[in-house]
Amino acid sequence: MPPERQPTLEGELVVLRPSTPQDWDALFAVASDPLVWEVHPAHDRWQEPVFRAYFDSGIASGGALTILDRAAGTVIGSSRFDNWDAAADEIEIGWTYLSRAYWGGAYNREIKRLMLDHIHGYVGTAVFTVGEGNIRSRKAMEKIGGKLRPGTVPRLMAGEMKPHVLYEIRRP
């Protein structure tokens, strides 16, 4: 059975819901902060045309989720389920970014826990692709139990092929 890639997920801190084209203004307001992308391989994603392509690909993927602060009801970022591989029994979780006011772990941990709890009902392994030099995201992956796979994979970022590492979290 194909995984449900655009659920509504609710935690104590956040609500994740399917992204829609109407989310553009709120998500671009978060993404237009250059510091959000400072250590990311796509360091230019804060620019409107670059973010527009990213946003449009998320909507087209059928797996983009908009993240809201549950208490305030405001948009604080986005994440995505994509690249489902039925034969390998895995799906990728990623493309996550948050407003800097929500950095520091508690929000990201809850987002990933909600996404993992949901998707592990469909697939055995969630995969996370992280820029090799993105130490902030790599540390976040390790904090939530990601296991580093050997090697790297190339991904096109900011007009260049850049090496990425893969982390995995298997169904408990």
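The values are calculated or read from the model by the stated rules, or taken from the named source; none is laboratory data. What you see is a predicted model; the values in this text were computed from it and never measured. For neighbour counting, all protein chains shown are included, and Cβ atoms are generated from backbone atoms with ideal geometry for every residue, glycine included. Please note that ligands, DNA and RNA were not included when accessible areas were found on the heavy atoms of the full protein model with its side chains. Shrake-Rupley method; radii C 1.70, N 1.55, O 1.52, S 1.80 Å.
Being assigned to a helix (DSSP H, G or I), within 19 Å of residue 156 (Cα to Cα) and free of Cβ contacts under 8 Å to residues at least 60 places away in the same chain, is that true of even one residue in region 80-95?
From region 80-95, those assigned to a helix (DSSP H, G or I) are none; that's our starting set.
Taking every residue of region 80-95 in turn, none turns out to be assigned to a helix (DSSP H, G or I), within 19 Å of residue 156 (Cα to Cα) and free of Cβ contacts under 8 Å to residues at least 60 places away in the same chain.
State all residues of region 1-48 that are open to solvent by 50 Å² or more (accessible area, probe 1.4 Å), in a helix (DSSP H, G or I) and within 25 Å of residue 163 (Cβ to Cβ); if no residue qualifies, say none.
Answer for region 1-48, where residues must be open to solvent by 50 Å² or more (accessible area, probe 1.4 Å), in a helix (DSSP H, G or I) and within 25 Å of residue 163 (Cβ to Cβ): 34, 35.
Please specify each residue of region 149-172 satisfying the condition of being more than 21 Å from residue 42 (Cα to Cα) and surrounded by 12 or more Cβ atoms within 10 Å (Cβ to Cβ).
Taking region 149-172 and keeping what is more than 21 Å from residue 42 (Cα to Cα), we get 149-150, 168-172.
Matches in region 149-172: 149, 168, 169, 170, 171.
Output the residue which, of all residues in region 133-153 that are part of a loop (DSSP other than H, G, I, E, B) and touching a residue at least 40 places away in the same chain (Cβ under 8 Å), is nearest to residue 82 (Cα to Cα). Spell out the reasoning first.
Residues of region 133-153 part of a loop (DSSP other than H, G, I, E, B): 133-134, 144-146, 149-152.
Still in the list and also touching a residue at least 40 places away in the same chain (Cβ under 8 Å): 133-134.
Numbers: 133: 22, 134: 20 Å.
Applying the filter and picking the extreme gives 134.
Given the structure, is residue 60 surrounded by fewer than 20 Cβ atoms within 10 Å (Cβ to Cβ), over 16 Å from the mean Cα position of the chain (by Cα) and at pLDDT 95 or above?
Details: surrounded by fewer than 20 Cβ atoms within 10 Å (Cβ to Cβ): yes; over 16 Å from the mean Cα position of the chain (by Cα): no; at pLDDT 95 or above: yes.
Against the criterion (surrounded by fewer than 20 Cβ atoms within 10 Å (Cβ to Cβ), over 16 Å from the mean Cα position of the chain (by Cα) and at pLDDT 95 or above), residue 60 does not qualify.
Can you tell me which residue is nearest to residue 11 (Cα to Cα) among those in region 70-96 that are touching a Gly at 6+ places or on another chain (Cβ under 6 Å) and surrounded by fewer than 20 Cβ atoms within 10 Å (Cβ to Cβ)? Walk me through how you get there before you give the answer.
Start the filter on region 70-96 by keeping residues that are touching a Gly at 6+ places or on another chain (Cβ under 6 Å), which leaves 80-82, 89.
Next cut, surrounded by fewer than 20 Cβ atoms within 10 Å (Cβ to Cβ) only: 82, 89.
On the way: 82: 22, 89: 26 Å.
Restricting to residues being touching a Gly at 6+ places or on another chain (Cβ under 6 Å) and surrounded by fewer than 20 Cβ atoms within 10 Å (Cβ to Cβ), the top hit is 82.
Which members of region 7-22 meet the condition of being within 16 Å of the chain's Cα centre (by Cα) and not hydroxyl-bearing (Ser, Thr, Tyr)?
Passing the criteria: 7, 9, 14, 15, 16, 17, 18.
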